[in-house]
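Okay, so here's the structure we're looking at.
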Amino acid sequence: MKKTTLSAALVLTAVWGLQAQAGVDPLTQIQPPASEWTHDGSAPDHIVEVPPFAVPATGVIDYINTVIPLEFGEEKWVKAVQFIPGDKRVLHHLLSYVVADDQNNEGTIDEADNDPRREFLEGYAPGKEYATEFPTNTGIKVPVGSALRMSVHYTSFGQETVDNTKVGMWFYDENETPDLEFHTHSVSARDLAIPPGDMNHEMAASHVFEDDIVLHGFRAHMHYRGKAMSARVIYPDNTVEDIINVADYNFAWQPTYRMDEPMVLPAGSRVVVEGLFDNSEYNPGNPDPTVPAVSGPQSWEEMFIGYFSYTDLPE
């Protein structure tokens, strides 16, 4: 199994454990960030202001679809991106895509749909506190005449508030254009029907990559009944290799796991995503263990998506 980068929480836990043994209060060792922008100690080259949205105290809020033109006048390559929520209490998640500014960008984005007319930039979800930095010599291309299309999901929490989220982007210099475009492909299962009381409801989905790729990362996405998710690859010669095992999925912690050693997947490789849902009363986050859990965008419904981050294989 390939190694994945340890989460910041695991690293901090190890450090705190050593300090505790030495009689040092770990809380005194925490240094606040010098800036809310965490990439390379610098401010973003461009900041997109998501239009302010008044979130009511109660009620169900439909997804907000926002399209903001990126009037750069020249092609750009994004090397890092970060989201600063206006109010973390209500921003459930945000997905952003680079699209052509002259195409039909109306309607709600289907998170599990791999629409070739858009390029996934990055998303915000609980637990994503830092900038996403794309691997060396890779990035997201922003052609002239592009726009940033965002799908924003808010949830009420009993108090009115106004959210004004910011998206910061850092660009490559003109003389250091990367060779490879960074892509994300979602592998999902639809039409979920998880029986009430089922503690270990199994789910699986797969996808065959038709070209040679280099796999860089993976992100698991389910809602409150999500319990575990893993991914593996079946190579064209039918050998199998594990990619990652998120054995204790937590809806409040949804980072993209970046691989220490990227994996080369030859054309014809099938990636398989497998997972478990807990729709029982023993799941403290379960919205209602007495009813079947079905597919849907709201938190009390369910999703099953594995996001694979990759580039083409360099010649």
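Looking at (1) loosely packed, with under 11 Cβ neighbours inside 10 Å; (2) modelled with pLDDT of 95 or more; (3) out of contact with any Asp or Glu (no Cβ under 7 Å at 6 or more places or on another chain), which one does ALA57 not meet, given that it meets all the others?
(3)
With respect to MET199, is the statement that it is out of contact with any strand residue (DSSP E or B) (no Cβ under 7 Å at 6 or more places or on another chain) and either in a strand (DSSP E or B) or surrounded by 14 or more Cβ atoms within 10 Å (Cβ to Cβ) (or both) true?
yes
Can you spot a residue in the range 120-128 that is more than 18 Å from THR165 (Cα to Cα), under 12 Å from the mean Cα position of the chain (by Cα) and either open to solvent by 40 Å² or more (accessible area, probe 1.4 Å) or at pLDDT below 90 (or both)?
For the range 120-128, residues more than 18 Å from THR165 (Cα to Cα), under 12 Å from the mean Cα position of the chain (by Cα) and either open to solvent by 40 Å² or more (accessible area, probe 1.4 Å) or at pLDDT below 90 (or both): absent.
With the structure loaded, tell me whether VAL264 is in contact (Cβ under 8 Å) with a residue 24 or more places away in the chain and more than 27 Å from ILE243 (Cα to Cα) or whether it fails that test.
no
Do we find that SER188 is open to solvent by 10 Å² or more (accessible area, probe 1.4 Å) and within 21 Å of GLY275 (Cβ to Cβ) in this structure?
yes
Take the range 287-311 and flag every residue that is among the hydroxyl-bearing types (Ser, Thr, Tyr) and not in a strand (DSSP E or B).
Residues satisfying the conditions are THR290, SER299.
Take the residues in the range 30-81 that are in contact with a Pro (Cβ under 7 Å, 6 or more places away or on another chain) and not hydroxyl-bearing (Ser, Thr, Tyr), then tell me which one is nearest to ASP173 (Cα to Cα).
Out of the qualifying residues, it is TRP77.
With (1) free of Cβ contacts under 8 Å to residues at least 12 places away in the same chain; (2) under 15 Å from the mean Cα position of the chain (by Cα) as the list, and GLU176 as the residue in question, which single condition is left unmet?
Looking at each condition in turn, GLU176 falls short on (2).
What are the residue pairs meeting all of these: first residue in the range 151-173, first residue within 25 Å of ILE140 (Cβ to Cβ), second residue basic (Lys, Arg) and open to solvent by 40 Å² or more (accessible area, probe 1.4 Å), Cβ atoms under 6 Å, and 6 or more apart or on different chains?
Every condition considered, the pairs that remain are TRP170/LYS79; PHE171/LYS76; TYR172/LYS79.
Filter the range 209-228 down to residues that are under 27 Å from LEU180 (Cβ atoms) and in a strand (DSSP E or B), then give me how many there are.
10
Out of PRO314, PRO284, which single residue is open to solvent by 40 Å² or more (accessible area, probe 1.4 Å), touching a residue at least 40 places away in the same chain (Cβ under 8 Å), farther than 20 Å from MET203 by Cα and outside any strand (DSSP E or B)?
Exactly one residue qualifies, and that residue is PRO314.
Tally the residues that are surrounded by 17 or more Cβ atoms within 10 Å (Cβ to Cβ) and not β-branched (Val, Ile, Thr), restricting the search to the range 166-185.
9
For the range 40-54, give me each residue that is open to solvent by less than 80 Å² (accessible area, probe 1.4 Å), in a loop (DSSP other than H, G, I, E, B) and under 14 Å from MET150 (Cβ atoms).
VAL50, PRO51
The values are calculated or read from the model by the stated rules, or taken from the named source; none is laboratory data. Because the structure is predicted, anything quoted here is derived from the model rather than measured. Cβ coordinates were reconstructed from backbone atoms using ideal geometry, including for glycine residues, and neighbour counts include every protein chain displayed. Keep in mind that these areas ignore ligands, DNA and RNA; they rest on the heavy atoms of the full protein, side chains included. Shrake-Rupley method; radii C 1.70, N 1.55, O 1.52, S 1.80 Å.
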